[in-house]
Amino acid sequence: MTAIYQAHDVRAFNFVMARCLMMGGLLCGSWLGYPAEALAQTATIEPLSPKLPDGRQRAFPTAEGFGAGSLGGRGGKVLYVVNTNEAGPGSLRACVEASGPRVCIFRTGGTIVLREKSLEVRNPFLTIAGETAPGGGIAIRNGETQTRPSIAIRTNDVIIRHIRLRPGPHAVEACCSGGLGMYSEAAKDIMLDHISASWGSDETIDSEDASNFTWQWGIASEPLLRGGPGKKNRARNMLFTKGGNVSVHHSLFAFGQFRNPLIKMKIPGAVADVVNNVFFSPKWQYVLSFGDEWARIQANVVGNYKIAGEKLRNDHMVHLFEESGRGHAIYLKDNYDEPYRTDPGQDESLVLAEEQRGFVSATAFDAPAVRAFAPEIAYDEVLANAGATKPQRDAVDRRIIDAVEDRRGQLLQSHPQDVGGWPELDAGVPYQDSDMDGISDDWEVENGTDPKDASDGQQDTDGDGWTNLEAFLHFMAGDTAGRITAAHE
């Protein structure tokens, strides 16, 4: 179905209305892409259905885009992460490398340092539930000789939420030392939600041949200009190559002069859906870009917000790399692009350089529905809610958000120490879980399940398709559907 762009619930509707008044009467309906009288109807919009239009179960209540049907570890075993060791019993690696459906539940906060190798996800059906971490939350970084992405996904049905990826520079020559990569045609049906990623030596997030995935409500920030031997003039946030069917929405891209993201698909007919993102950098080599090296590009670019910076090559919001002659078709709607398109009455194509405006498509491309705000509202919502916010934002994200709001700062040269280094994350105290089913005793008592019966975690008390464990994880993540109710209510 064609992507739907509208305010997503009662809270958003009220927020939109308040912001419209604050903005001196700007007609937000024109930004949202439908008549002002239709805004009144958004007050009755229900939360997203647990079922996707194709009948699959939604990964969690706020999952949208091409990766929204990821199964993750639904119905599988609960594996506790009880330490921040790189490997061994109770480590995150032990959960990642296990087989069968599984959910990684964190019993500690802190930073995991990878000195030997990546966390390789080769076995499908995995959920990494960073929202369960106590204290300061969970972060992952690379040692100076660990030269590959901290997490490498090479399989299907993976859900990762509320983790911080802070890889840092490398001391030996390397290709792609970053935070997370998705590789091979087997990497599909992947949901990456509320992830904070920074300090990659090339691009911090990347993919090659992956398909049907979503990056949503994330922060990609401060990729290093010179992250190690052989790396110069980088500062690149995100690169998705080959594969196809990619959703990037409600995310912040900050302090990356290039690849915010760069998307080059290979699957014929694939679509890139880029909705409600915020772009900020003091220097722009390119902002959001697409390349037709392997296939004709089809993309929707809707409701995004770009802040002006110094122009190095092309500082329009959208740039097209014409590499093969296969061509581009870009649907544009309601984007705010300083200084080129700052009023909803201006031509949509102004977000492209003049010589590339012939690639604009008059119609949107078929993609899973993503609910969106007007760009000014998206700006506020993304700055307030993107990234790993559970249990709390770390000092890096707070600093980045402040810098974006103040429109200040500079590209990071070569080392996180120049901006305060890696934060110390408190281990915290985990919630009580007597039966070790991943669910807190307090939540079980409140919701009518038994804190001494581990089997009820995989039951579905309210019949909505999510297990009781998943309902608890939704609660921990702050999703709308965080409490189970009897099916007859």
Is there a residue in the stretch 104-124 that is touching a Cys at 6+ places or on another chain (Cβ under 7 Å) and open to solvent by 10 Å² or more (accessible area, probe 1.4 Å)? no
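Just for the stretch 445-462: of the residues that are open to solvent by less than 60 Å² (accessible area, probe 1.4 Å) and touching a residue at least 12 places away in the same chain (Cβ under 8 Å), which one is nearest to residue 76 (Cα to Cα)?
457
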Go through the residues of the stretch 448-461 one by one and say whether even a single one is within 24 Å of residue 112 (Cα to Cα) and of a type in the set (D, E, K, R). no
Pairs please, first residue from the stretch 245-266 and under 21 Å from residue 313 (Cα atoms) and part of a loop (DSSP other than H, G, I, E, B), second anywhere and among the polar types (S, T, N, Q) and open to solvent by 10 Å² or more (accessible area, probe 1.4 Å), Cβ atoms under 7 Å, 6+ apart in sequence or on different chains. 257/285
Filter the stretch 207-254 for residues that are over 17 Å from the mean Cα position of the chain (by Cα) and aliphatic (A, V, I, L, M); which is surrounded by the most Cβ atoms within 10 Å (Cβ to Cβ)? 224
Kindly provide the set of residues from the stretch 220-252 that are out of contact with any Gly (no Cβ under 7 Å at 6 or more places or on another chain) and among the charged types (D, E, K, R), ordered by number. 222, 226, 231, 232, 242
Can you name every residue in the stretch 102-122 that is over 15 Å from residue 168 (Cα atoms) and either out of contact with any helix residue (DSSP H, G or I) (no Cβ under 8 Å at 6 or more places or on another chain) or of a type in the set (D, E, K, R) (or both)? 102, 107, 108, 109, 110, 120, 122
Output the residue which, of all residues in the stretch 339-362 that are of a type in the set (Asp, Glu) and either more than 27 Å from residue 266 (Cβ to Cβ) or under 28 Å from the mean Cα position of the chain (by Cα) (or both), is surrounded by the most Cβ atoms within 10 Å (Cβ to Cβ). 348
Residue set 336, 331; condition open to solvent by 10 Å² or more (accessible area, probe 1.4 Å), touching a Pro at 6+ places or on another chain (Cβ under 7 Å) and not hydrophobic (A, V, I, L, M, F, W, C); output residue 336
When the stretch 321-370 is examined, which residues are found to be under 26 Å from residue 216 (Cα atoms) and either modelled with pLDDT under 95 or of a type in the set (S, T, N, Q) (or both)? 335, 342, 349, 361, 363, 369
Taking only pairs six or more apart or across chains, which ones have beta-carbon atoms under 9 Å, a first residue in the stretch 309-323 that is closer than 14 Å to residue 298 by Cα, and a second residue that is open to solvent by 40 Å² or more (accessible area, probe 1.4 Å)? 319/313; 320/359; 321/293; 322/359
What is the number of the single condition among (1) at positive phi; (2) of a type outside the set (Asp, Glu); (3) crowded, with 20+ Cβ neighbours inside 10 Å that residue 135 does not meet? (3)
Being touching a Phe, Trp or Tyr at 6+ places or on another chain (Cβ under 8 Å) and either among the acidic types (Asp, Glu) or open to solvent by 10 Å² or more (accessible area, probe 1.4 Å) (or both): is that true of residue 309 here? yes
Residues being in contact with a Gly (Cβ under 6 Å, 6 or more places away or on another chain) and open to solvent by less than 40 Å² (accessible area, probe 1.4 Å): count how many of those fall in the stretch 411-437. 4
Inspect all residues belonging to the stretch 294-313 and state whether any of them is within 23 Å of the chain's Cα centre (by Cα), charged (D, E, K, R) and at pLDDT 95 or above. yes
Quick one: which helices (runs of 4 or more DSSP H) sit completely within the stretch 1-103 and have at least 1 residues that are at pLDDT 95 or above and surrounded by 15 or more Cβ atoms within 10 Å (Cβ to Cβ)? 92-96
Qualifying residues in the stretch 157-180 (those that are in contact (Cβ under 8 Å) with a residue 60 or more places away in the chain and at negative phi) - the one farthest from the chain's Cα centre (by Cα): 169
How many residues of the stretch 363-389 are of a type outside the set (A, V, I, L, M, F, W, C), assigned to a loop (DSSP other than H, G, I, E, B) and crowded, with 19+ Cβ neighbours inside 10 Å? The answer is 4
Out of everything in the stretch 400-410 that is out of contact with any helix residue (DSSP H, G or I) (no Cβ under 7 Å at 6 or more places or on another chain) and open to solvent by 20 Å² or more (accessible area, probe 1.4 Å), what residue ends up being nearest to residue 194 (Cα to Cα)? 402
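The values are calculated or read from the model by the stated rules, or taken from the named source; none is laboratory data. Computed from a prediction, not measured in an experiment: that's the story for all the values here. Because the Cβ atoms are built from the backbone with ideal geometry, glycine has one as well, and the counts that use them run over all protein chains shown. What goes into the accessible areas is simple: the full protein's heavy atoms, side chains included, and nothing from ligands, DNA or RNA. Shrake-Rupley method; radii C 1.70, N 1.55, O 1.52, S 1.80 Å.
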